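All of the numbers you see were taken from the coordinates with simple rules; none came from a lab. All of these numbers come straight from a predicted model, not from anything done at the bench. Don't worry about glycine lacking a Cβ; one is built from the backbone with ideal geometry, like all the others, and counts go over all protein chains shown.
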Amino acid sequence: MQSIIVKDVSFSIKDKEIIKDISFELEEGEILAILGPNGVGKTTLLKIIAGLIKPTKGEVLIYKNPPEKSRKYLSYLPANANIDQYANVEDILLAMLYGKDRKFIVGNDDIKKIKNWYFKLLEKNYLKTSFNNLSSGEQRLVLLSGCFAREPKIILLDEPTAFLDITNQAKILRFIKEMALKMNITVIFTMHEIYYANIANKVLLMKNGKIKSYGKPSDVLKKDIIDDVYKIDVLEIPYDNKKIFFPSVF
Amino acid sequence: MQSIIVKDVSFSIKDKEIIKDISFELEEGEILAILGPNGVGKTTLLKIIAGLIKPTKGEVLIYKNPPEKSRKYLSYLPANANIDQYANVEDILLAMLYGKDRKFIVGNDDIKKIKNWYFKLLEKNYLKTSFNNLSSGEQRLVLLSGCFAREPKIILLDEPTAFLDITNQAKILRFIKEMALKMNITVIFTMHEIYYANIANKVLLMKNGKIKSYGKPSDVLKKDIIDDVYKIDVLEIPYDNKKIFFPSVF
Amino acid sequence: MKSINKILTVFLILLLPISFLLSLSIGPYSKVSIYQVIFFILGKNLPSTYIDILKYRLIRSLAALILGIGLSSSGLTLQYTLKNPLADPYLLGISSGAIFGVTIAMFFGYYSFYQLYIIALLSALLSLGFILLISTIFKSSSTTIIIAGISLSYLLNGITTIYMIRLGPKIPSILFWLFGSVAFTTLNTLEKSSILVIISLFFMFYYWKAINTLMLGEDVAKSLGVKVSYIRIVSVLFSSISTAALVAMAGPVGFIGLAAPWMARLIIGSNFGKALLMSLLTGSLLAIFSDILARLVIYPSEAPLTAITSIFGAPVLIYLTLKYKGRL
Amino acid sequence: MKSINKILTVFLILLLPISFLLSLSIGPYSKVSIYQVIFFILGKNLPSTYIDILKYRLIRSLAALILGIGLSSSGLTLQYTLKNPLADPYLLGISSGAIFGVTIAMFFGYYSFYQLYIIALLSALLSLGFILLISTIFKSSSTTIIIAGISLSYLLNGITTIYMIRLGPKIPSILFWLFGSVAFTTLNTLEKSSILVIISLFFMFYYWKAINTLMLGEDVAKSLGVKVSYIRIVSVLFSSISTAALVAMAGPVGFIGLAAPWMARLIIGSNFGKALLMSLLTGSLLAIFSDILARLVIYPSEAPLTAITSIFGAPVLIYLTLKYKGRL
Amino acid sequence: SLYNEMQKEINNLNSTILNLNNKTQITYNEKLSELANKIGSLENSINNFNSSVNTQILSLQQQINSLETQSQFPVTLIDATNTSVTITSYPERIVSLDPATTEILLSINATNQLVGVDNDSFYYLPPQYENELWKLYNEGKIINIGSTYSEPNIELILSAKPDLVIGTYQWSFSAVAQELKNYGIPTVLLPSYNSLSDLYNAIIMAGRSTGNIKNAVNLVESMSANISYFRYLINNISPQNVSYLLWINPTYVAGGNTFQNDMFILSGNNNVFSNISGWPIISPEELLQANPSIIIIDSNGGLINETTLISWLQSSIGNAYQNISAIKYNRVYTINGYYSDYLDEPGPMVIYGIKLLMMITHPSLFNLTTVPNNISPNTFPLNK
Ligand SMILES: Nc1ncnc2c1ncn2[C@@H]1O[C@H](COP(=O)(O)OP(=O)(O)OP(=O)(O)O)[C@@H](O)[C@H]1O
Ligand SMILES: Nc1ncnc2c1ncn2[C@@H]1O[C@H](COP(=O)(O)OP(=O)(O)OP(=O)(O)O)[C@@H](O)[C@H]1O
Ligand SMILES: [Mg+2]
Ligand SMILES: [Mg+2]
């Protein structure tokens, strides 16, 4: 069953075309990695799918509905969240349950749920701490645990691995994979670590606001394509029947 | 000549020890990479070196002065900057020149300087655009160009590669290396990409707020040490007489 | 919530009935005191003057209660939705609208209290209409709404001043509208205003979870299914209706709508629901105690309520601010 | 800066001398009009009464000029350093302090204008002292400073009100201190206040680059070598000194200190230095034109300046806000 | 034209008063005949019991008087806020809400009915009234219900158990009326005085509602007689351009549509600021332009005087101030002592105020050769 359909989506601000003619379809439980250089339009595309901005052309359907109607089934992690800095972690997580929690009251089950997810991702208990007293990585983990706690059918993650250490990166990626497989959740994430895109079922590589290549990771993640998109002579290191791509820094 | 001396630095908030007994010394033109898991105290250490917070014990000397007296020679990139969102890029870059620019007026040479660095890092001209209209990566690049434009003697970068695509990651790392070599600038950066730490002269690996290992990249970046610090069975892929470390995600 | 805060909360809850009892017992007419109140409660017969005084104090106390509840909840709601700690219920020109209407009405010879009550209410709602227009038509950000509101408020005050001068310095006739008081609230206006305040409060609680998500930033809130512009408009709407009803009833009593929400947030933290509940407590206590003091400080005259809320509330607020510095 | 803004800037710069000329030409003493002003400039001999009137209007226009400059620069500085678009020069209780002092002085029988000027100045500076104490001793954040300031301001207003009531029918003499006007500025008070305003302005410009870095957030600003707490205190200090001098000279003329900075920021953008320059222009134009209107709208009476700045300034501000919506 | 209007107004009033008198007369006669019967039978018993005749008659006379007044009740009247107020019986416990009302009540001899007055009545009335109030207060006959300048204290009003509350219409007072209505206390709001006819109306209304209509009518008659006399005096004189300053720097003047404006007209003068209503603030330039030939300053209890005026003018418009006729010809007068109350408090005492103004502005009418600049009860006696 198709969970997300993106049809001919374009978006422009004041004559500036930011993304153009993007179409793809995802089945339930599929993972899509959106890759592309800085400023190519990944975040914009994600926001359009989340229904935060309206495309100037085309449409997005989530389980056959426009995104505005599907938000109960949706979690979205922005790259830079604009959180009230004095709020404490528990309040933030409870607020992130909106629409999936008890109405009007804070239920014990809601608190249980957020605690459960919180402790899956973090070790130390910062639930009563101000959000701005956490380290960058901890902040990301808190927000990710909030996204998961919603038990959504669609998860949209803008650079979920940013600021995370390698252990946490692996943990998050494994969670994503697991949830997609076991609970049939559809996941879209953006990322700059090309190798990680291998956990996805499909990869969408963008160039200049358009789709450069779309397909299975093994089809898209090729040196020539990457060289073209990133305008770089990338290092390709085969490992475990996948490829690690690295820029040359030495 | 020693540019940075960190002596027995500890920092705690309300009895909570965040970092403990950290000491090291850097020569002019050296690059130090601070690594460690999330919440280990990397940002805290960097802020102490930048003089933004006072250590509860120990001291930091920058060219023999306390950090407060050395800020003219110092650039600092925070992990999450708290920039006035309606400010435009040019205003932000000019403001970042503070102390290194003309007093009281905005000199043409100042504008030239920031433009010069801006266009070294970014292609498109967003100088008159609001900062919050830029993509995450573009925002990081703008702030990095501001840090470089100060032409400092010390650069402290908190996760400079976060949100950057691989091309820009490489570009920034090469800039760092180049500036350290050619202009004798001392650089400290934090990062989660272990492989990139190889561009540094020294690596400081933290665990629980303390130094786990300190030395040349080749001495510190070893599987057993990393496994211990990150509590993970890391994948070690030798490449080009260095080692790439990856968490296993499959 | 730390245990110290739990104790504080319980203390404040207990303080409310005590304050109410005090409000019934204390007044310039010293023959009616706590004993008479107790006699009355015990069903003893009292002289009719005593009963009149008790009735008067009861209406007045209820007015203070509803005033405290209404203003602090409105202030809190605006502080959350406009994301500005300086937001108070009068920020967007609601009270200026009411006073404007009343001044013009007086200029054209309307003087009956009840007429003026209705005029104040309607003209306050008219200013609200302007703000809603700006908010919806121009799809405004919080800052735009704030600037438009504050400009409207200054504009109306300006015109009011000019008319006030032309009314001549029959100062007493305007003082009520500059200071505010619950001393003239009648059962009639209390009823009407209470209904509006309670309806507004109902909606604030009804939408509390949506308003609460605004702390996550607009994008995240939207992604959770919150219609951010709608919630902003609803918040402005109901906090202003409540404010309009209260201004019409008791004039522009100040400081409660600013201080009580802050007190609540400082004590209880950032969760909107909890802060809203707490603000009902801080607001009503501030209002009731201030009203008691208003009867006493410049005996035999009544002191203007705003003056007392300020003199009594400001030190409390400064103390809380410095104590819970970390929360700001 | 887009070219449309350049044109606007040039237009505003040209408007300033024109407004000044108008201010000299318009007034109730109709024998002195634009012709006499021109004759005077051309060096013709005029009757001494005419010259006296011109002198009076000159002092008044200069007072409006310095008022506009001082209030808008102070407002802008506070808006930047307290990071709140609602900050205005009176936010921290400076004018409340002045009025408090004046009321108490009147209560004890001091009525000489010059005495009151000095008292207003000193008591305004006293409130400033309190704010600085809070800011330095408690190492306060912007929000703490704002809450402390606003509480102080309410507290003082409250006490003032109580005393005002006790002054009874002598209220008219205080009304000036509630509304503000430049009609009663004398060369003596103008001189003293101007000096303080200009000194403050000098420091604002002296520190403009440091204040400007606050847009980068505290951490980055600090890392650049800006002593953030020091700059915050300096900003509060000088904007308040300037405000105190102006309140003592002309009473609490409102809206300019809030609206003129916004107008400047909307027109010119976020650079503090440019906005500060522009705010001098918007502030002085708003003040001078309002003062001219104040002489005319309820002729032959003087209208309170605040009423006119609001009626005249509010529509301009709302227009600019909607036009440059993206900047907010 | 204002003058003519006033005349008409006064005539109207006089006819109403006559009507009222007639009505009163009729009821009076009815009651009297009833009473006459009683007296007749009483006379018999006096003959029968030939003791303490005089005292009996005296007490009966008192009864007659009170019956006479009570026969006027219930009274229903439309007060200044267009509200119909019914006073069911002769009010014995009256609360006054402001000094102006208190002054009227005292001057129509409702003194013994008063049980409460506002705080300001104790401080802002001419001395004889103030003394009277303080005496009543010290004897515990009246209470202080608080200052009208903030809010009348409802609770204290209730505690005085009034059967009538009277004030001058101001909005917060209409709030008081609304409030007291809920406790069954009739509240009458008298017109506030922008003119003398308002004042007459107020006095009559106060008389009717308190059962002192006769005194009220007498008072109005004597006032209008005085006014007629003043009018006769000023018949042939040319009006002076006067300005009355209530405060200097900021300078408040009496404008048009104020009772002071009326007082100027009735004293044969012309208020230079009559074209703006109320009590406006003016600038020095304004004063120069208006150029009054006489300036009268309210000293506010000795706080300001001519020197204040001149130093204010000089500091702003320099020597140009010398062109103001009043200053040039030394016709600036400062009102001191309780004379201020005559000019500031709109009440029956305005008659003295008008006379005072006349004596200052047209001394020749009173055969005065000089007028001191400092006008006080000591320096410038009113009688003569
Ligand atoms: N409101 C706006 N006004 C003008 N330009 C905008 C606006 N929003 C986004 N852009 C531009 O659109 C482009 C795409 O932005 P987007 O954030 O989608 O990039 P991205 O692919 O997520 O980049 P990154 O990898 O850096 O996060 C950028 O060049 C950005 O400057
Ligand atoms: N003001 C504070 N109050 C309490 N705890 C704090 C405060 N500031 C930092 N911490 C704690 O100190 C620890 C170290 O934080 P720091 O930001 O230095 O970590 P980091 O190594 O930079 O982590 P990351 O990789 O996630 O950026 C964290 O656990 C954080 O929660
Ligand atoms: Mg992005
Ligand atoms: Mg960090």
Notebook entry, point to check: Taking other Cβ within 10 Å of each residue's Cβ, how do C:R60, A:R71 sort, fewest first?
Noted result: A:R71, C:R60
Check: B:G39's amide H: which non-local residues (gap 5+, or another chain) put their own amide H closer than 5 Å, with H modeled 1.01 Å from N in plane and none for Pro or chain starts?
Finding: A:G137, A:E138
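Counting only other chains, and only Cβ atoms inside 10 Å, what mean value do you get across the residues of B:89-99? Could the numbers behind the result be given before it?
Values: counts 0, 2, 10, 7, 0, 5, 16, 6, 3, 11, 6.
That works out to 6 on average.
Per residue, what volume in Å³ does the Cα convex hull of chain E take up?
Values: hull volume 64.3 nm³, N = 384.
Hull volume over Cα atoms, normalised by residue count, gives 167 Å³.
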Next item on the list: Any aspartates and glutamates with Cα under 14 Å of the A:K207 Cα? List them, leaving off those in the same chain fewer than 8 positions away.
Entry: A:E17, A:D21, A:D224, A:D227, A:D228, B:D165
Check: Which three semi-axes in whole Å describe the equivalent ellipsoid of the protein assembly as shown, each the square root of 5 times a Cα gyration tensor eigenvalue, listed largest first?
Finding: 74, 38, 26
Next item on the list: Would you mind estimating how fast the range C:1-324 diffuses translationally, via Stokes-Einstein at 20 °C and 1.002 mPa s with the Kirkwood radius over Cα pairs, in µm²/s?
Entry: 106
Checklist line | Between the range D:252-328 and the range C:1-58, the Cα center-to-center distance that results, in Å | finding: 50
Check: Looking at D:Y80, E:T370, D:I131, which one has the Cα that reaches farthest to the positive end of the dipole of the protein assembly as shown (charges on Cβ: Lys, Arg +1; Asp, Glu -1)?
Finding: D:Y80
Check: ³J(HN,Hα) across the range B:134-139 via Karplus (A = 6.51, B = -1.76, C = 1.60, θ = phi - 60°), whole Hz, x for Gly/Pro?
Finding: 8, 6, 3, x, 4, 4
Next item on the list: Quantify how strongly other chains surround peptide A:76-82 by giving the mean number of their Cβ atoms within 10 Å of each of its Cβ atoms.
Entry: 6
Notebook entry, point to check: Amide H to amide H, which residues 5 or more places from E:Y333 or on other chains are under 5 Å from it, using H placed in the peptide plane?
Noted result: E:I295, E:I296, E:I297
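Once R0 is set to 35 Å, what does the formula 1/(1 + (r/R0)^6) return for the Cβ-Cβ distance between E:I78 and C:I51, expressed as a FRET efficiency to the nearest 0.05? Mind showing how you got there, number by number?
Working: r = 31 Å, r/R0 = 0.89.
Computed FRET efficiency for E:I78 and C:I51 comes out at 0.65.
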Note to self: What does the structure give for C:137-144 when I average, per residue, the other chain Cβ atoms found within 10 Å of the residue Cβ?
What the structure shows: 4
Notebook entry, point to check: Just from its helices, what would the mean residue ellipticity at 222 nm be for the protein assembly as shown, if runs of 4 or more DSSP H residues each count -39500 (n - 2.57) and the sum is divided by every residue, rounded to the nearest 500 deg cm²/dmol?
Noted result: -18000 deg cm²/dmol
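How would you order E:267-275, B:180-188 from highest to lowest mean count of nearby Cβ atoms within 10 Å?
Working: E:267-275: 22.1, B:180-188: 18.6.
The densest-packed peptide leads the list: E:267-275, B:180-188.
What FRET efficiency comes out for E:E132 versus D:K44 if R0 is 51 angstrom and r is the Cβ-Cβ distance? Round to the nearest 0.05. Before the final figure, lay out the partial values.
On the way: r = 66 Å, r/R0 = 1.29.
Efficiency, rounded to the nearest 0.05: 0.20.
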Notebook entry, point to check: Convex hull over the alpha-carbon atoms of the range E:72-132: what's its volume per residue in Å³?
Noted result: 91
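Assuming 0.36 nm per residue, please report the length gained on full extension of the stretch E:Q62 to E:E43 beyond their Cα-Cα distance.
5.2 nm
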Notebook entry, point to check: What are the principal axis extents of the Cα atoms in the range E:69-175, in Å, biggest first?
Noted result: 33, 31, 25
Item checked: Pairs of lysines in the range D:1-324 (C-alpha under 26 Å apart; 8 or more residues apart or interchain) -> 26
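Using a Förster distance of 22 Å, how high is the FRET efficiency between D:F205 and B:Q85, based on the Cβ-Cβ distance and rounded to 0.05? Display every interim value, and only then the final one.
Numbers: r = 26 Å, r/R0 = 1.17.
That pair, D:F205 with B:Q85, gives E of 0.30.
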Margin query: Cut-off 17 Å, label point 7 angstrom out along Cα-to-Cβ of B:N132: give me the residues of the range A:62-91 whose amide nitrogen falls inside.
Written below: A:78-86
Next item on the list: Using label points projected 7 Å from each Cα along Cα→Cβ, tell me how many nm separate B:E25 and A:D240, to one decimal.
Entry: 4.3
Check: Taking H as built 1.01 Å from N, whose amide H comes closer than 5 Å to the amide H of B:Y76, not counting residues under 5 places away?
Finding: B:L156
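I'd like to compare C:8-17, E:294-303: which one has the highest average count of other Cβ atoms within 10 Å, and what's the full order after that? Kindly include the intermediate steps, with their values, before the conclusion.
On the way: C:8-17: 13.1, E:294-303: 20.1.
Put in order of decreasing packing, that is E:294-303, C:8-17.
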Next item on the list: Choose one answer from E:S192, E:S89, E:S277: the residue with the largest mean-square fluctuation in a GNM of chain E with alpha-carbon springs under 10 Å.
Entry: E:S277
Note to self: Just to check I understand the Karplus step: with θ = phi - 60° and J = 6.51 cos²θ - 1.76 cosθ + 1.60, what whole-Hz values come out for the range C:289-305, glycine and proline as x?
What the structure shows: 5, 4, 5, 4, 4, 4, 6, 10, 4, 10, 3, x, 7, 8, 8, x, 4
Notebook entry, point to check: Could you give the nm distance between label points at D:I18 and B:E123, where each point is 7 Å from its Cα heading toward the beta carbon?
Noted result: 4.8
Checklist line | Nitroxide proxy distance, nm - points 7 Å out along Cα→Cβ at C:Y114 and E:T307 | finding: 5.8
Check: Between copies, how far does the label point of C:F39 sit from its twins, in nm, shortest first, when each point is 7 Å from Cα along Cα→Cβ?
Finding: 8.4
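Kindly rank E:320-331, A:47-58 from highest to lowest mean number of other beta carbons found within 10 Å of each residue.
On the way: E:320-331: 17.6, A:47-58: 20.1.
Taking the mean over residues of other Cβ atoms within 10 Å, the ranking is A:47-58, E:320-331.
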Item checked: 17 Å cut-off, amide nitrogen to a point 7 angstrom out along A:K182 Cα→Cβ, residues in the range A:98-114 -> A:113-114
Margin query: What are the ³J(HN,Hα) couplings of the range E:5-21, residue after residue, when phi is run through the Karplus curve with 6.51, -1.76, 1.60 and θ = phi - 60°? Round to Hz, x for glycine and proline.
Written below: 4, 4, 4, 4, 4, 5, 4, 3, 4, 4, 5, 4, 4, 4, 3, 4, 4
Check: Sorted from shortest, what are the nm distances separating the label point of C:K325 from equivalent points in the other copies, each placed 7 Å from Cα along Cα to C-beta?
Finding: 4.2
Next item on the list: Return the aspartates and glutamates within reach of A:K182: Cα separation strictly under 19 angstrom, same-chain partners fewer than 8 residues apart disregarded; answer none if there are no such residues.
Entry: A:E27, A:E28, A:E30, A:E151
